[in-house]
Amino acid sequence: TGEDLRQTLETIEVQNIELDMARKEALKASQIKSEFLANMSHELRTPLNAVLGYSEMLQEECEDMGYDDLLPDIERINTSGRHLLALINDVLDLSKIEAGKMEVFPTNFDIENVVEMLTAINTPLSEKTGNAFVIDQDQISGSMYSDETKLRQILTNFLSNGFKNTEKGSVTL
């Protein structure tokens with residue numbers, strides 16, 4: 001009947017209004033979360049940079065004073081701090097992406113230089129995990145136009161995950 005159709009249309013209209021309100025609330029909550037993550041990441045980096053600075057100073061002092069037995073512990077503090085800083089930076093980048101504020105700075109760069117840097121960063125991790133680090137040189141040559149920093153960050157994360165989740169195997173770039 002006409003009355004049933006009218007009531008059905010009113011119900012659909014009310015549901016659409018409710019869905020729209022729920023969508024707006026979800027978007028607002030997501031924005032608040034992203035802003036919180038960005039602020040929290042920034043607030044965490046400041047004291048962490050101080051910890052890293054002090055650990056480097058302690059390392060130099062121990063080297064100068066001959067306290068070589070303390071150096072491995074200080075290096076672990078520094079390494080752990082740098083790892084934590086990288087995680088915080090990843091959270092900050094994620095929040096920037098979600099907030100639509102991630103900036104990209106493309107430039108021309110030599111791919112081989114990026115591979116050399118990735119090799120220097122990841123070879124110690126491959127050795128630590130007992131993995132071979134294989135670089136397919138046939139695919140690496142020339143230049144590229146992109147955001148070099150972001151590319152290095154992405155590839156470092158992929159390689160790091162590969163080494164962490166592989167034992168006595170190989171990870172190929």
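Here is how the numbers come out for the structure above:
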item: Residue within the stretch 56-71 that is among the aliphatic types (A, V, I, L, M), over 30 Å from ASN39 (Cα atoms), in contact (Cβ under 8 Å) with a residue 12 or more places away in the chain and open to solvent by less than 70 Å² (accessible area, probe 1.4 Å) present; result: yes
item: Selected residue (criterion: nearest to PRO106 (Cα to Cα)) from residues of the stretch 123-146 that are under 20 Å from the mean Cα position of the chain (by Cα) and at pLDDT below 90; result: THR123
item: Residues located in the stretch 46-55, provided they are surrounded by 12 or more Cβ atoms within 10 Å (Cβ to Cβ) and free of Cβ contacts under 8 Å to residues at least 24 places away in the same chain; result: GLY53, TYR54
item: Residue selected from the stretch 91-122 under the condition within 15 Å of the chain's Cα centre (by Cα) and among the charged types (D, E, K, R), by the criterion modelled with the lowest pLDDT; result: GLU98
item: Candidate set: the stretch 125-136, residues that are out of contact with any Phe, Trp or Tyr (no Cβ under 6 Å at 6 or more places or on another chain) and part of a helix (DSSP H, G or I); chosen: the one surrounded by the most Cβ atoms within 10 Å (Cβ to Cβ); result: GLU127
item: Residue within the stretch 42-51 that is charged (D, E, K, R) and over 25 Å from ILE74 (Cα atoms) present; result: no
item: Some residue of the stretch 97-116 being in contact (Cβ under 8 Å) with a residue 60 or more places away in the chain and either surrounded by fewer than 10 Cβ atoms within 10 Å (Cβ to Cβ) or part of a helix (DSSP H, G or I) (or both); result: yes
item: Total residues in the stretch 89-136, condition in contact with a strand residue (DSSP E or B) (Cβ under 7 Å, 6 or more places away or on another chain), among the hydrophobic types (A, V, I, L, M, F, W, C) and within 15 Å of SER160 (Cβ to Cβ); result: 1
item: Residue, farthest from GLU112 (Cα to Cα), within the stretch 137-168, restricted to residues that are touching a Ser or Thr at 6+ places or on another chain (Cβ under 9 Å) and open to solvent by less than 60 Å² (accessible area, probe 1.4 Å); result: THR166
item: Residue ID - surrounded by the fewest Cβ atoms within 10 Å (Cβ to Cβ), chosen from residues in the stretch 8-34 that are closer than 25 Å to LYS101 by Cβ and hydroxyl-bearing (Ser, Thr, Tyr); result: SER30
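The values are calculated or read from the model by the stated rules, or taken from the named source; none is laboratory data. Just so it is clear, the model here is predicted, and its values are computed rather than measured. Reconstructed Cβ throughout: ideal geometry from the backbone, glycine too, with neighbour counts over all protein chains shown. Surface accessibility is based on the protein's heavy atoms, side chains included, excluding ligands, DNA and RNA. Shrake-Rupley method; radii C 1.70, N 1.55, O 1.52, S 1.80 Å.
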